[in-house]
Amino acid sequence: YRRRAHHKNACSSDKHNVGYSRMNAAPIKILVVDDEPPIRKLLRMGLTAQGYDILDAPNGKRALELLAEKPDLVILDLGLPDIQGHDLLQMIRSRNDAVPIVVLSSRGDEGGKVQALDLGADDCVLARRRPGRARRCRVGS
């Protein structure tokens with residue numbers, strides 16, 4: 001069972017407006033939560049180049065503060081210094097049940113990824129330490 005079939009700010013099929021919503025051409029906001037500056041920088045550079053507005057959080061506390069900005073998507077690393085990733089996932093879900101959450105994980109812990117999906121993550125991306133290597137855990141249905 002899925003809470004939501006379509007996100008309210010679905011992207012336009014127009015290649016030139018990738019990061020913009022259809023209704024008002026406002027950039028889609030993505031909250032990136034990761035404690036590693038190079039990962040945040042890489043995501044910020046790649047996503048802003050596509051027209052997305054990036055909110056950047058190095059820890060769980062800052063991520064919770066940035067939820068007030070009403071992001072359209074959350075990319076969440078499970079390994080944070082201040083709040084356990086699964087706990088933060090539950091906190092985000094309790095504050096906003098509709099926002100899609102993609103878990104970014106370099107962990108080999110299959111149980112942890114399954115738990116994240118069970119707690120409300122919409123998808124999971126296994127990030128490899130080698131550039132260009134990523135793999136999805138699950139595609140939402």
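The values are calculated or read from the model by the stated rules, or taken from the named source; none is laboratory data. Because the structure is predicted, anything quoted here is derived from the model rather than measured. Don't worry about glycine lacking a Cβ; one is built from the backbone with ideal geometry, like all the others, and counts go over all protein chains shown. Accessible surface is based on the protein model in full, side chains and every heavy atom, while ligands, DNA and RNA are left aside. Shrake-Rupley method; radii C 1.70, N 1.55, O 1.52, S 1.80 Å.
Structural remarks
- Residue match in the stretch 19-29 (condition: modelled with pLDDT of 95 or more and either at positive phi or crowded, with 17+ Cβ neighbours inside 10 Å (or both)): yes
- In the condition set (1) modelled with pLDDT under 95; (2) surrounded by 17 or more Cβ atoms within 10 Å (Cβ to Cβ); (3) out of contact with any His (no Cβ under 8 Å at 6 or more places or on another chain); (4) of a type in the set (A, V, I, L, M), Leu78 is compliant with all but (3).
- Scan of the stretch 96-118 for residues that are touching a helix residue (DSSP H, G or I) at 6+ places or on another chain (Cβ under 9 Å) and open to solvent by less than 20 Å² (accessible area, probe 1.4 Å), ordered by number: Val99, Ile101, Val103, Ser105, Gly112, Ala116
- Test for Arg93: is it of a type outside the set (S, T, N, Q), open to solvent by 20 Å² or more (accessible area, probe 1.4 Å), outside any loop (DSSP other than H, G, I, E, B) and closer than 19 Å to Ile28 by Cβ: no
- In the stretch 53-90, the residue that is nearest to Lys29 (Cα to Cα) out of those that are in a strand (DSSP E or B) and of a type in the set (Val, Ile, Thr) is Ile54.
- Extreme residue, modelled with the highest pLDDT, among residues of the stretch 113-135 that are more than 14 Å from the chain's Cα centre (by Cα) and either part of a loop (DSSP other than H, G, I, E, B) or at positive phi (or both): Leu119
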